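See structure below.
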Amino acid sequence: MHRIFIALFLILTAFTGSAQIKTEWKEGYKLSVLDFTAEAPKNREGQGQTYYLAANLDFGYAMSSYEFMLTKNFNKNVTAFFMPANSWLQEGEGTETLLQYAQMDFDLLELYARKFRQRLYEEKNAFSNPNFFQETYNGINAEMASRHVEMQNAVAESDSKGAAFHEQVLKEVAALAEFCKDCKPPKKKKS
């Protein structure tokens with residue numbers, strides 16, 4: 001009986017643990033059909049294919065007041081990720097195009113993760129309130145939502161407009177290289 005309970009516990013742990021797997025944005029990582037593991041809704045005749053990328057921007061930290069006072073770089077605490085178990089893609093003729101759109105979505109999320117890291121770095125000082133980030137987070141989310149609408153409009157207009165939008169996002173990501181998750185921004189030089 002004891003072995004059955006342990007086996008059942010291990011199976012349940014494996015099942016619930018796999019549903020919570022997050023894939024973080026990484027330079028050079030390209031989404032594939034295998035990244036979309038949730039079941040896609042049935043595509044009705046006359047409707048185009050679509051996808052859902054369960055992606056989010058996460059920020060969190062746990063530190064003492066003293067550690068917080070001395071911390072300036074929060075890059076490692078901001079993560080752009082998606083959850084394959086909650087993401088789906090309707091396969092068909094347009095699968096490659098959908099993967100390009102999903103990648104653009106994910107790259108846009110990383111851009112705003114980097115912008116958030118940059119603003120945290122610029123706004124944090126020794127005497128900042130521990131909730132100093134909330135207004136910045138809200139602003140970043142509003143900017144990202146606006147930019148997402150721009151992305152959808154570019155994609156709807158033409159493939160070339162969508163590709164140009166994506167290229168611009170990648171340039172902006174590269175311009176914020178020192179705000180990657182594992183990077184340390186350069187200290188400002190005193191004049």
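Each reported figure results from applying straightforward, stated rules to the coordinates on display, with no laboratory input. Note that the structure is a prediction, hence the values are computed from the model and not measured. Every residue, glycine as well, gets a Cβ built from its backbone with ideal geometry; the counts of neighbours run over all protein chains shown.
Can we say Glu96 is within 28 Å of Asp159 (Cβ to Cβ), surrounded by fewer than 18 Cβ atoms within 10 Å (Cβ to Cβ) and in contact (Cβ under 8 Å) with a residue 12 or more places away in the chain? For Glu96, the condition - within 28 Å of Asp159 (Cβ to Cβ), surrounded by fewer than 18 Cβ atoms within 10 Å (Cβ to Cβ) and in contact (Cβ under 8 Å) with a residue 12 or more places away in the chain - is not met. If only residues of the stretch 164-191 that are free of Cβ contacts under 8 Å to residues at least 40 places away in the same chain and either among the β-branched types (Val, Ile, Thr) or assigned to a helix (DSSP H, G or I) (or both) are counted, the one that is farthest from Glu27 (Cα to Cα) is Ala164.
With respect to the conditions (1) surrounded by 20 or more Cβ atoms within 10 Å (Cβ to Cβ); (2) under 21 Å from Leu34 (Cα atoms); (3) among the hydroxyl-bearing types (Ser, Thr, Tyr), Tyr112 lacks only one, and its number is (2).
Annotation: of all residues in the stretch 21-41 being aliphatic (A, V, I, L, M) and either in a loop (DSSP other than H, G, I, E, B) or in contact (Cβ under 8 Å) with a residue 60 or more places away in the chain (or both), the one that is nearest to Asn56 (Cα to Cα) is Ile21. Evaluating Pro84 against the criteria (1) touching a residue at least 24 places away in the same chain (Cβ under 8 Å); (2) surrounded by fewer than 17 Cβ atoms within 10 Å (Cβ to Cβ) leaves one unmet condition, (2). For the stretch 73-86, the condition holds for at least one residue, the condition being that it is part of a loop (DSSP other than H, G, I, E, B), farther than 22 Å from Val33 by Cα and either touching a helix residue (DSSP H, G or I) at 6+ places or on another chain (Cβ under 8 Å) or of a type in the set (Ser, Thr, Tyr) (or both). Within the stretch 146-169, which residues are of a type in the set (A, V, I, L, M) and more than 13 Å from Ala113 (Cα to Cα)? The answer is Val149, Met151, Ala154, Val155, Ala156, Ala163, Ala164.
Against the list (1) on the phi < 0 side of the Ramachandran plot; (2) out of contact with any Leu (no Cβ under 7 Å at 6 or more places or on another chain); (3) surrounded by fewer than 15 Cβ atoms within 10 Å (Cβ to Cβ), the condition Gly28 fails is (1).
If the condition is being surrounded by 13 or more Cβ atoms within 10 Å (Cβ to Cβ), of a type in the set (A, V, I, L, M, F, W, C) and either under 11 Å from Leu108 (Cβ atoms) or out of contact with any helix residue (DSSP H, G or I) (no Cβ under 9 Å at 6 or more places or on another chain) (or both), then the stretch 132-152 contributes Met144, Met151. If the condition is being part of a helix (DSSP H, G or I), charged (D, E, K, R) and touching a residue at least 40 places away in the same chain (Cβ under 8 Å), then the stretch 123-163 contributes only Asp159.
Scanning the stretch 42-69 for residues that are closer than 10 Å to Gln90 by Cα, free of Cβ contacts under 8 Å to residues at least 40 places away in the same chain and in a loop (DSSP other than H, G, I, E, B) returns a single hit, Lys42. Scanning the stretch 172-185 finds one or more residues that are under 17 Å from the mean Cα position of the chain (by Cα), more than 21 Å from Leu53 (Cα to Cα), aliphatic (A, V, I, L, M) and surrounded by fewer than 17 Cβ atoms within 10 Å (Cβ to Cβ).
Screening Lys161 against (1) out of contact with any strand residue (DSSP E or B) (no Cβ under 7 Å at 6 or more places or on another chain); (2) under 22 Å from Asn56 (Cα atoms) leaves a single unmet condition, (2).
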